[in-house]
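K.L.:
Got a structure here, written out as structure tokens. Questions coming.
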Amino acid sequence: MSELLRYSLGKFTFSPNGTPTRRGIVVTPKYRHLRPFQCVYTQDNRSIVVKNGNDSLDICRVVNGMWQTSGGWGRIDRDDAVDAMLKYADAGLTTFDMADIYGPAEDLYGIFINRVRRERPPELLEQVRGLTKWVPPPVKMTASYVKDSINVSRKRMDVESLDMLQFHWWDYSNPGYLDALKHLTDLKEEGKIKTVALTNFDTERLQIILENEIPVVSNQVQHSLVDMRPQQRMAELCQHTGVKLITYGTVMGGLLSEKFLDTNIAIPFAGPAINTPSLQKYKRMVDAWGGWNLFQGLLRTLKQVASKHGVSIATVAVKYILDQPAVAGSMVGVRLGLSEHIQDANAIFSLALDEDDVGSIREATAKGKDLLKVIGDCGDEYRRA
């Protein structure tokens with residue numbers, strides 16, 4: 001990542017006083033002039049329709065995250081993985097999130113969606129959603145380059161039109177992200193993409209994108225009880241404009257679970273191993289937030305709430321984030337064919353946290369550090385040299 005951050009192809013600057021730059025890009029510090037759009041909940045509260053102008057997409061609010069297919073969590077067998085995807089879909093968990101860089105994730109989705117077409121009723125096919133991400137290198141974003149890249153994902157996922165394309169950009173000093181997003185919008189108008197979205201963009205760049213009339217419907221960001229950064233600057237902009245958040249890291253790779261309650265990982269072999277890319281990543285977040293002892297206090301609070309409702313710690317953790325005003329959906333990682341969390345995931349929809357639950361959780365999270373001050377805004381952890 002540090003090598004990617006060394007590239008700087010930016011030839012244009014943004015004007016701090018709101019006047020157009022060479023590219024005609026305007027940066028304005030206020031939000032009220034931005035056109036709001038809406039997010040509509042369905043009657044059963046399991047799914048949500050995100051709308052921006054004429055663009056809309058309904059997704060399951062608990063999203064099956066497929067980062068785990070990229071390696072580091074155990075060997076994934078193709079047939080077992082697709083069978084597992086069918087189980088999740090049959091259980092009503094019909095939205096899958098992946099990326100062009102997640103190993104075979106898009107290919108697995110392509111096999112899965114074809115099995116749905118052949119083996120399941122049309123009603124289920126209509127509910128299944130495949131959200132993918134495009135993470136390009138910092139090269140010139142020409143129309144042909146963007147089109148060719150998106151066509152690769154369309155072919156791998158075996159769909160005429162991508163349900164949602166979530167765009168990531170490494171280096172803000174290179175304003176080519178606006179070129180890419182404008183080309184993606186053109187592809188949407190051509191029917192190759194149904195909705196355009198973002199991943200790991202900060203508040204400032206999200207505002208710039210909206211002011212350039214790019215019709216993004218959501219921004220996928222890291223958000224958990226430890227990492228409440230999205231509820232600060234990002235949430236304010238989202239409330240003004242209607243952009244919604246899809247969250248990942250919400251169970252912190254499994255750290256927010258009974259498995260890590262009352263454990264001491266400082267002593268070798270005394271506790272569960274921190275042995276997957278996600279556990280290692282979110283353990284660093286725990287360290288930045290306040291350390292393992294403080295995290296144990298949060299887990300004990302969550303366990304009390306979970307026991308009260310007869311659910312798991314992870315279920316409480318996801319429900320709390322889903323209840324935040326700007327959040328449309330939250331990711332729960334799936335280790336396809338290796339482990340299964342269908343029951344816990346479905347329990348999220350029936351769980352209702354009361355005022356006492358929310359108060360005790362807020363008190364526990366408030367004891368940690370403000371990660372906005374420690375790390376920076378959403379996505380800044382990916383842009384540190």
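K.L.:
Take the chain, connect every pair of alpha-carbon atoms lying under 10 Å apart with a spring to form a Gaussian network, then pick out the residue of Pro104, Pro122, Pro325 with the largest mean-square fluctuation.
P.N.:
Pro122
K.L.:
How big is the Kirkwood radius of segment 71-164, worked out from every pair of different alpha carbons and given in Å to one decimal? Don't jump to the answer; show the numbers that get you there.
P.N.:
Details: mean 1/r = 0.0706 Å⁻¹.
Across segment 71-164, the inverse of the average 1/r is 14.2 Å.
K.L.:
Give me, ordered by chain and number, the residues 5 or more places off Ile193 or on other chains with an amide H under 5 Å from its own placed amide H.
P.N.:
It is Leu162, Lys188, by chain and number.
K.L.:
Work out how much length Asn114 to Ala288 would gain on full extension: take 0.36 nm times their residue separation and subtract the Cα-Cα distance, in nm to one decimal.
P.N.:
Working: separation 174, 0.36 × 174 = 62.64 nm, distance 4.34 nm.
Going from the current span to full extension adds 58.3 nm.
K.L.:
Determine the dipole magnitude for segment 147-194: charges of +1 sit on the beta-carbon of Lys and Arg, -1 on that of Asp and Glu, nothing else is charged, the reference point is the Cα centre, and the result goes in debye to the nearest 20. If you can, show how the numbers build up before the last one.
P.N.:
Working: 8 positive and 9 negative charges, 22 e Å.
Dipole about the Cα centre, nearest 20: 100 debye.
K.L.:
Each residue of segment 45-57 in order: what ³J(HN,Hα) in whole Hz does its phi give by Karplus 6.51 cos²θ - 1.76 cosθ + 1.60, θ = phi - 60°, with x for Gly and Pro?
P.N.:
Ordered by residue, 3J(HN,Hα) equals 6, 7, 10, 8, 9, 9, 10, 8, x, 8, 8, 8, 8 Hz.
K.L.:
Taking the chain as a Gaussian network, Cα atoms linked when under 10 Å apart, which of Phe260, Phe349, Phe269 shows the biggest mean-square fluctuation?
P.N.:
Result: Phe269 has the largest fluctuation of those listed.
K.L.:
Under the rule a/c < 1.5 gives rounded, and otherwise a/b versus b/c splits prolate from oblate, where does segment 321-385 land using the Cα gyration tensor?
P.N.:
Details: a/c = 2.27, a/b = 1.19, b/c = 1.91.
Oblate.
K.L.:
Next question. Using a Cα-Cα cut-off of under 12 Å, which aspartates and glutamates could be cross-linked to Lys281, ignoring same-chain neighbours fewer than 8 residues away?
P.N.:
Those aspartates and glutamates meeting the cut-off are Glu381.
K.L.:
Accessible area, 1.4 Å probe, largest first: how do Glu381, Glu258 sort?
P.N.:
Numbers: Glu381 40, Glu258 70 Å².
Accessible-area ranking of Glu381, Glu258, largest first: Glu258, Glu381.
K.L.:
Is there a quick way to get the dipole size of segment 281-337? I mean about its Cα centre, with the Cβ of Lys and Arg at +1 and of Asp and Glu at -1; what is the value in debye to the nearest 20? Show your work: numbers first, answer last.
P.N.:
Numbers: 8 positive and 2 negative charges, 37 e Å.
For segment 281-337, the charge dipole is close to 180 debye.
K.L.:
For the chain, give me the percentage of DSSP beta bridges that are antiparallel, rounded to the nearest 5 percent.
P.N.:
In the chain, approximately 25 percent of DSSP beta bridges are antiparallel ones.
K.L.:
Rounded, prolate or oblate: which fits segment 209-249 when a ≥ b ≥ c are the square roots of the eigenvalues of the alpha-carbon gyration tensor, with rounded for a/c under 1.5 and prolate only if a/b beats b/c? Provide the component values of the computation, followed by the final result.
P.N.:
Values: a/c = 2.93, a/b = 1.85, b/c = 1.59.
Prolate, since a/c reaches 1.5 and a/b exceeds b/c.
K.L.:
Given (1) 21.1, 71; (2) 21.6, 67; (3) 20.4, 59 as candidate values of Rg and Dmax of the Cα atoms in Å, which corresponds to the one derived from the coordinates?
P.N.:
Correct label is (3).
K.L.:
Which of rounded, prolate, oblate describes segment 143-300, given a ≥ b ≥ c as roots of the alpha-carbon gyration tensor eigenvalues and a/c under 1.5 marking rounded, otherwise prolate only if a/b is larger than b/c?
P.N.:
Numbers: a/c = 2.83, a/b = 1.95, b/c = 1.45.
Since a/c reaches 1.5 and a/b is larger than b/c, the shape of segment 143-300 is classed as prolate.
K.L.:
Placing +1 at every Lys and Arg Cβ and -1 at every Asp and Glu Cβ, with all other atoms neutral, what dipole size does the chain have around its Cα centre, in debye to the nearest 20?
P.N.:
Values: 47 positive and 46 negative charges, 175 e Å.
For this selection, approximately 840 debye.
K.L.:
Determine one quarter of the surface area of the Cα convex hull of segment 252-323, which equals its mean projected area, and express it in nm² to one decimal. Please report the intermediate quantities before stating the final value.
P.N.:
Details: hull surface 19.4 nm².
In nm², the orientation-averaged hull projection of segment 252-323 is 4.9.
K.L.:
Right, next: Using label points projected 7 Å from each Cα along Cα→Cβ, tell me how many nm separate Asp90 and Glu189, to one decimal.
P.N.:
With each label point 7 Å from Cα toward Cβ, the separation is 4.4 nm.
K.L.:
Loop by DSSP (not H, G, I, E, B), at most 15 other beta-carbon atoms within 10 Å: where is the longest site-free stretch of the chain for trypsin sites (Lys or Arg not before Pro)?
P.N.:
On the way: sites that count: Lys11, Arg22, Arg23, Lys30, Arg32, Arg75, Lys140, Lys367, Lys369, Arg384.
Maximal segment without exposed cleavage sites: 141-366.
K.L.:
Using modelled amide H (1.01 Å from N, peptide plane; none on Pro or chain starts), what sits under 5 Å from the amide H of Lys133, excluding residues fewer than 5 places away?
P.N.:
Met98, Ala99, Asp100, Gln166
K.L.:
Please list 3J(HN,Hα) in residue order for segment 161-167, calculated via the Karplus relation 6.51 cos²θ - 1.76 cosθ + 1.60 where θ = phi - 60°; whole Hz, with x for glycine and proline.
P.N.:
9, 5, 4, 8, 10, 9, 9
K.L.:
Which cross-chain or sequence-distant (5 or more) residues have an amide H under 5 Å from the amide H of Met141, H modelled 1.01 Å from N in plane?
P.N.:
none
The values are calculated or read from the model by the stated rules, or taken from the named source; none is laboratory data. Bear in mind that the values here come from a model prediction, so they are computed numbers and not experimental data. With ideal geometry, Cβ positions are generated from the backbone for all residues, glycine too; neighbour counts draw on all protein chains shown. These accessible areas exclude ligands, DNA and RNA; they are computed on the full protein's heavy atoms, side chains included. Shrake-Rupley method; radii C 1.70, N 1.55, O 1.52, S 1.80 Å.
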